[in-house]
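The values are calculated or read from the model by the stated rules, or taken from the named source; none is laboratory data. Being a predicted model, the structure only gives us computed values, none of them experimental. Please note: Cβ atoms are built from the backbone with ideal geometry, for glycine as well, and neighbour counts cover all protein chains shown. With ligands, DNA and RNA removed, areas are computed over all heavy atoms of the protein, side chains included. Shrake-Rupley method; radii C 1.70, N 1.55, O 1.52, S 1.80 Å.
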There are 2 protein chains.
Amino acid sequence: MKNSPIGVFDSGIGGLSVLSELVKLLPNEEYIYLGDTARVPWGNKSISTIKEYSRECTEFLMDKDVKMIVVACNTASSLGIDSVQHAAGKIPVVEMILPAAEAAYKSSVNGKIGVIGTKATVRSNAYQNAIAKYNTFDNLKVFQQACPLFVPIVEEAMIKHPAAKLIAEDYLSVFKDSNIDTLLLACTHYPFMSELIAEILPNIRLIDTGNAASRQVFNILKENDWLHDQIKDKLSIELYCTDTPSDFLSTARTYLSFELPQAKKADIC
Amino acid sequence: MKNSPIGVFDSGIGGLSVLSELVKLLPNEEYIYLGDTARVPWGNKSISTIKEYSRECTEFLMDKDVKMIVVACNTASSLGIDSVQHAAGKIPVVEMILPAAEAAYKSSVNGKIGVIGTKATVRSNAYQNAIAKYNTFDNLKVFQQACPLFVPIVEEAMIKHPAAKLIAEDYLSVFKDSNIDTLLLACTHYPFMSELIAEILPNIRLIDTGNAASRQVFNILKENDWLHDQIKDKLSIELYCTDTPSDFLSTARTYLSFELPQAKKADIC
């Protein structure tokens, strides 16, 4: 297993922020990334559709003999995880929710935690429920807010536009009086906006789901003695998309600190 | 044919602005509307994917014995029209581009016309090419601008948000010195923003693709003597979605002046 690749999938390109955290922590691993760009976004789709798409992505990665599946998509982590686990069999699955919920719990001193995500993620209450399990605070309280415009703002590279600030101020105003000390960015696009979010909500610790998940990936690989045993001079990433690869990656490239390879077409839908 | 329904499809709910124009002009017709909500949006997908989705939507409507197909989607009209026509056989197809290009040409006095749409529509140059065919102005000039944030702004019911104005002013600033007298709204979502657009670009005539297409639908039905021959006391609309019908329609309802029925599931993907 040691030198098998890690399979990572997302509905589109947001999961590249998770890949970015993975390669920082585990630069010697091999990665296969699949973006379901023919059907992106998933956040506005029904639960049964999200389950079906999640299963198809997992099966594609399983055919590549991966040693682990990383569900780099909050919507799939909230709503499609059982179909991923079923398709993955005995291969470990790391999703976005539990590691980030634990990181948020550990970060919070006063037990007041904010969660921002897509409508589907917020509506699922997946993060709220996961955080609530750590009920050691008498006053544990989770405040949730959907920020649906953040994804198109990131995808259109408008994070520095004055309108982005207005929209962010509007969405985040619900946290002004909540006294939260920790904000969980429950969408893989949001780390690209963390500078703006920190400007509006200073002195609040931001939890990046990709960062938290990467630590779990590291721990599982280490426990199983599955860490790749060779040092790599350059990152090993294979990139697949369900739609014909087009210039959609150019925006992603502006956000990443490493080189993305050319994408190949994955025929799963 | 007279009393057969008219089939209308779109990638999602934007085409309801076209349906809205159709029922204004032809209230006695029966309509079957299909929104491909399981795979919305199409504007960021490849041409081959758009052709495939367009064919599947057309085949669904053909199975319902429609007398006409209305492609209430600018992306499909720009990039998927040949696969619609192939699947429709002898049934007439009305798309968004030619009727609106003609309306824009007829509206313009100085031959300077603006076109706004999704990235895919603008990149296809479909409207620019269609307008250019009416080359009776010595100085005919088409100015194009993609406005990718407009669709999520409409879908999030944020058209009155200050950020919407900032974004619209930014996108539309390219027209300030162009001296256009006509602006073609080449996306079915944009008519819902026409008040804001008119505020930023006063004294410019806005061309609504749904309105222009509806006139062509009327003319074709009349020429063929296919106009529905019974007066209806209430609108006859059947609504299908490819995803499980959910609350995505609630925003659409806020924009429409007529009642939408409950949506049924269309199993085409």
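Within segment A:166-185, track down each residue that is open to solvent by 70 Å² or more (accessible area, probe 1.4 Å), more than 14 Å from chain B (Cβ to nearest Cβ), touching a residue at least 12 places away in the same chain (Cβ under 8 Å) and over 12 Å from A:Ala146 (Cα atoms). Hit for segment A:166-185 is A:Asn179, nothing else. For segment A:101-116, the candidate set comprises residues that are open to solvent by less than 30 Å² (accessible area, probe 1.4 Å) and in contact with a Phe, Trp or Tyr (Cβ under 7 Å, 6 or more places away or on another chain); within that set, the residue that is nearest to A:Gly43 (Cα to Cα) is A:Ile116.
For segment B:133-154, check the following and say yes or no: at least one residue is among the aromatic types (Phe, Trp, Tyr), in a strand (DSSP E or B) and in contact (Cβ under 8 Å) with a residue 12 or more places away in the chain. Taking every residue of segment B:133-154 in turn, at least one turns out to be among the aromatic types (Phe, Trp, Tyr), in a strand (DSSP E or B) and in contact (Cβ under 8 Å) with a residue 12 or more places away in the chain. Do you know which residues across segment A:18-55 are among the hydrophobic types (A, V, I, L, M, F, W, C) and either open to solvent by 10 Å² or more (accessible area, probe 1.4 Å) or at pLDDT 95 or above (or both)? A:Val18, A:Leu19, A:Leu22, A:Val23, A:Leu25, A:Leu26, A:Ile32, A:Leu34, A:Val40, A:Ile47 - these are the residues of segment A:18-55 that are among the hydrophobic types (A, V, I, L, M, F, W, C) and either open to solvent by 10 Å² or more (accessible area, probe 1.4 Å) or at pLDDT 95 or above (or both).
Comparison of A:Lys264, A:Lys222, A:Lys232 shows that the only residue that is free of Cβ contacts under 8 Å to residues at least 24 places away in the same chain and farther than 21 Å from B:Ala120 by Cβ is A:Lys222.
In segment A:243-252 there is no residue matching the filter, namely being outside any helix (DSSP H, G or I), within 14 Å of another protein chain (Cβ to nearest Cβ), touching a Gly at 6+ places or on another chain (Cβ under 7 Å) and modelled with pLDDT under 95.
Can you tell which of A:Ala213, A:Ala163 is closer than 27 Å to B:Glu156 by Cα, open to solvent by less than 20 Å² (accessible area, probe 1.4 Å) and either not in a loop (DSSP other than H, G, I, E, B) or not hydrophobic (A, V, I, L, M, F, W, C) (or both)?
Answer to the check: A:Ala163.
Looking only at segment B:202-216, decide whether some residue is within 14 Å of chain A (Cβ to nearest Cβ), acidic (Asp, Glu) and in contact with a strand residue (DSSP E or B) (Cβ under 9 Å, 6 or more places away or on another chain). Looking for residues that are within 14 Å of chain A (Cβ to nearest Cβ), acidic (Asp, Glu) and in contact with a strand residue (DSSP E or B) (Cβ under 9 Å, 6 or more places away or on another chain), one finds none in segment B:202-216, hence no. Residues in segment B:73-94 that are touching a residue at least 60 places away in the same chain (Cβ under 8 Å), open to solvent by less than 20 Å² (accessible area, probe 1.4 Å) and assigned to a loop (DSSP other than H, G, I, E, B): B:Cys73 only.
Yes or no: A:Ile268 hydrophobic (A, V, I, L, M, F, W, C), part of a helix (DSSP H, G or I) and open to solvent by 20 Å² or more (accessible area, probe 1.4 Å)? Taking the combined requirement at face value, the residue does not satisfy it. Restricting A:Asn129, A:Asn135, A:Asn139 to those that are in contact with a helix residue (DSSP H, G or I) (Cβ under 9 Å, 6 or more places away or on another chain) and either surrounded by fewer than 20 Cβ atoms within 10 Å (Cβ to Cβ) or at pLDDT 90 or above (or both) reduces the list to A:Asn129. Residue count for segment A:5-62 under the criterion of being farther than 20 Å from A:Ser78 by Cβ and either assigned to a loop (DSSP other than H, G, I, E, B) or within 14 Å of chain B (Cβ to nearest Cβ) (or both): the result is 7. The residues on offer are B:Ile159, B:Ile197, and the sole one that is hydrophobic (A, V, I, L, M, F, W, C) and in contact with an Asp or Glu (Cβ under 9 Å, 6 or more places away or on another chain) is B:Ile159. Every test in (1) farther than 21 Å from A:Ile153 by Cα; (2) at pLDDT below 95; (3) more than 14 Å from chain A (Cβ to nearest Cβ) is passed by B:Gly117 save one, and that test is (1). The set of residues in segment A:164-223 that are under 20 Å from A:Pro92 (Cβ atoms) and at pLDDT below 95 contains only A:Thr188. For segment A:230-244, taking the residues that are under 17 Å from A:Tyr31 (Cβ atoms) and open to solvent by less than 90 Å² (accessible area, probe 1.4 Å), the one that is farthest from the chain's Cα centre (by Cα) is identified as A:Lys232.
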